[in-house]
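Since the structure comes first, as structure tokens, the remarks are kept for the end.
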Amino acid sequence: MEFAELIKTPRVDGVVLHRPFMPIVEGTLCLTGHHLILSSRQDNTEELWLLHSNIDSIEKRFVGSLGSIILKCKDLKVIQLDITGMEECLNIASSIEALSTLDSLSLMYPFFYRPMFEVIEDGWNSFRPEDIFKDLESMTDEWRLSRVNRDFSVCPSYPPMVAVPKDVDDDALRKVATFRHSGRFPVLSYYHKKNGMVMMRAGQPLTGTNGRRCKEDEKLINATLRPGKRGYIIDTRTIGVAQQAKARGGGFESEANYPQWRRIHKAVERSNILQESLIKLVEACNDRSHSIDRWLSKLEASSWQTHVKEILTTACLAAQCIDREGASVLVHGTEGTDSTLQVTSLAQIILDPACRTIRGFQGLVEREWLQAGHPFQQRCAQSAYSNSKLRQEAPVFLLFLDCVWQILRQFPCSFEFKESFLVLLFEHAYASQFGTFLGNSTSERVKLSLPEKTVSLWSWVNRPQEIERLTNPLYEANSLVIWPSVAPQSLLLWEGVFLRWNRSSKCLEEAYEEMVHIIEYNKELQNKVNSLRRQLAQLETEDPLLQTP
């Protein structure tokens with residue numbers, strides 16, 4: 001298919017662009033296969049380059065011959081294009097609709113994008129399982145890297161290599177895979193260096209109403225326990241939902257077959273509920289017609305902050321079991337690709353200071369989301385504005401980033417990265433020139449040859465100038481476990497995402513610049529103090545009479 005077939009009118013002059021908190025621009029609108037471009041001939045006027053894949057919905061309005069196209073984007077931005085002439089306006093709108101809803105992944109922009117920057121590091125090779133496993137080997141010899149899934153036949157949503165207990169062979173893993181949802185047998189998620197406890201993740205066991213069991217599954221997860229120790233199974237579903245799953249062939253681990261494990265049920269909402277919650281939240285944030293009480297009421301009705309609290313509470317529970325109880329943990333919900341990953345990755349943010357660095361956080365996203373099989377293509381197909389019927393869309397990853405922001409806000413000196421890094425990941429998960437978030441699993445990315453045909457987001461992020469831009473000036477390495485508060489008054493609306501197009505960021509930017517200035521000035525004074533101390537020490541050694549008592 002040629003993109004030209006979908007573009008009815010490639011260029012229109014005299015188009016007026018309206019954007020939040022930016023001056024109105026008049027210029028020439030051009031449509032390409034992947035971008036909507038508006039360029040003005042005025043000096044010092046920023047061009048608009050908008051990926052068609054970032055467009056969530058299109059609205060058309062007409063007053064006489066003047067047409068307006070309102071573009072609502074997946075990053076929650078809303079822009080308006082005023083176009084003279086009904087026919088041209090309709091042509092532009094229908095072209096954008098066609099180009100923003102392409103189904104074929106191979107037609108997406110990452111396959112056509114050629115970087116304008118020097119690729120110093122190939123991000124596709126930055127976080128390979130075998131390299132990550134070397135770090136584990138330096139701490140323990142109780143685990144091995146299995147290649148049982150090298151052709152993706154055992155579990156289509158797992159990577160080719162996974163870490164499993166040393167005493168469990170590949171034949172046993174194949175049997176366990178038939179007992180777990182979608183073949184997602186228990187694999188290592190995190191090893192806690194402090195006490196040797198581990199966190200594993202999996203899909204639900206397929207016990208069904210007959211109480212089916214699998215000896216190999218029992219052996220696998222018991223292999224993670226120390227003598228005389230118990231473990232915890234954190235099920236991200238309520239007991240009611242888990243019982244319903246059992247009636248449909250799914251289920252949970254019975255105490256009779258897993259006597260050394262205590263099962264805890266937590267209520268983390270399923271994906272379809274989360275999408276409705278996001279839609280209500282964005283609607284509330286965009287509504288300026290109500291009083292503050294009415295606005296707060298709509299905000300509460302969205303239940304978004306409740307979901308944030310539920311996930312953080314469950315992650316804190318997992319971290320507490322590992323660090324304070326000295327117990328190993330297995331986390332699963334139904335599929336093991338949504339709420340499970342939210343909990344395991346947030347628990348690592350709490351427990352592991354390495355995950356709070358820029359590179360460590362990239363590794364966490366790669367390991368616990370991309371390689372772990374979170375279906376980004378399905379979940380991020382639509383955002384909060386789409387009028388299409390919901391299929392499998394859900395802001396699971398955005399909710400995780402929101403939770404990370406809540407912890408970052410409570411511990412502003414413990415993270416090497418700034419809020420802008422989290423916003424960047426949100427934007428690229430929904431629409432990007434990079435191939436990192438394309439596809440639903442490693443197997444899909446291999447079939448699409450993404451490492452050979454597209455550029456990785458990490459190649460962009462790990463350039464020195466980008467690292468500098470994303471670095472938190474307040475950062476001081478903190479080797480301790482950090483325990484976030486989940487009290488309602490401690491959890492705030494993430495304004496940097498949900499209100500950034502609704503109010504000017506000028507004051508925040510000025511405050512940030514002032515903070516950076518104070519930090520730099522403080523460093524200068526500290527250096528002067530250290531220099532004077534050295535001079536004083538030198539003088540004292542030269543003249544004994546100057547020595548302080």
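Worth a mention:
- Test: residue in the stretch 468-487 that is of a type outside the set (Val, Ile, Thr), part of a helix (DSSP H, G or I), open to solvent by less than 90 Å² (accessible area, probe 1.4 Å) and modelled with pLDDT of 90 or more: yes
- Tally of residues being crowded, with 16+ Cβ neighbours inside 10 Å and hydrophobic (A, V, I, L, M, F, W, C) across the stretch 268-301: 9
- Contact annotation: residue pairs with Cβ atoms under 7 Å, 6 or more positions apart or on different chains, pairing a residue in the stretch 251-263 that is within 15 Å of Arg237 (Cα to Cα) and assigned by the TED database to the domain that holds Lys215 with a partner that is open to solvent by 40 Å² or more (accessible area, probe 1.4 Å) and part of a strand (DSSP E or B), are Phe252/Arg263; Glu253/Arg263.
- Of everything in the stretch 131-149 that is in contact with a helix residue (DSSP H, G or I) (Cβ under 8 Å, 6 or more places away or on another chain) and crowded, with 19+ Cβ neighbours inside 10 Å, the residue that is farthest from Ile221 (Cα to Cα) is Val148.
- Residue that is most open to solvent (accessible area, probe 1.4 Å) [pool: residues in the stretch 385-401 that are in contact with a helix residue (DSSP H, G or I) (Cβ under 8 Å, 6 or more places away or on another chain) and more than 28 Å from Ile358 (Cβ to Cβ)]: Arg391
- Ile233 meets each of the listed conditions (1) assigned to a loop (DSSP other than H, G, I, E, B); (2) touching a residue at least 60 places away in the same chain (Cβ under 8 Å) apart from (1).
- Every condition in (1) more than 31 Å from the chain's Cα centre (by Cα); (2) closer than 22 Å to Leu425 by Cα holds for Thr436 except the one numbered (1).
- Val404 falls short of the stated requirement of being open to solvent by 10 Å² or more (accessible area, probe 1.4 Å) and touching a residue at least 40 places away in the same chain (Cβ under 8 Å).
- No other residue among Gly203, Gly211 is more than 14 Å from Ser328 (Cβ to Cβ), in the same structural domain as Phe252 (by the TED database) and surrounded by 24 or more Cβ atoms within 10 Å (Cβ to Cβ) apart from Gly203.
- Counted residues, the stretch 113-130 - those being open to solvent by less than 100 Å² (accessible area, probe 1.4 Å) and more than 24 Å from the chain's Cα centre (by Cα): 1
- Listed by position, the helices (runs of 4 or more DSSP H) contained in the stretch 246-364 that have at least 2 residues being modelled with pLDDT under 95 are 271-286, 292-302.
- Screening the stretch 166-181 for residues that are open to solvent by 10 Å² or more (accessible area, probe 1.4 Å) and either outside any helix (DSSP H, G or I) or at pLDDT below 95 (or both) and picking the one that is nearest to Pro205 (Cα to Cα) gives Asp169.
- Yes/no for Phe152 being in contact (Cβ under 8 Å) with a residue 60 or more places away in the chain, touching a helix residue (DSSP H, G or I) at 6+ places or on another chain (Cβ under 7 Å), closer than 16 Å to Gly373 by Cα and aromatic (Phe, Trp, Tyr): yes
- Strands (runs of 3 or more DSSP E) contained in the stretch 14-112 and holding at least 1 residues free of Cβ contacts under 8 Å to residues at least 12 places away in the same chain: 55-63
The values are calculated or read from the model by the stated rules, or taken from the named source; none is laboratory data. Since this is a predicted model, take the numbers as computed values, not measurements. FYI the Cβ positions are ideal-geometry reconstructions off the backbone, even for glycines, and counts take in every protein chain you see. Side chains included, ligands, DNA and RNA excluded: accessible areas come from the protein's heavy atoms. Shrake-Rupley method; radii C 1.70, N 1.55, O 1.52, S 1.80 Å.
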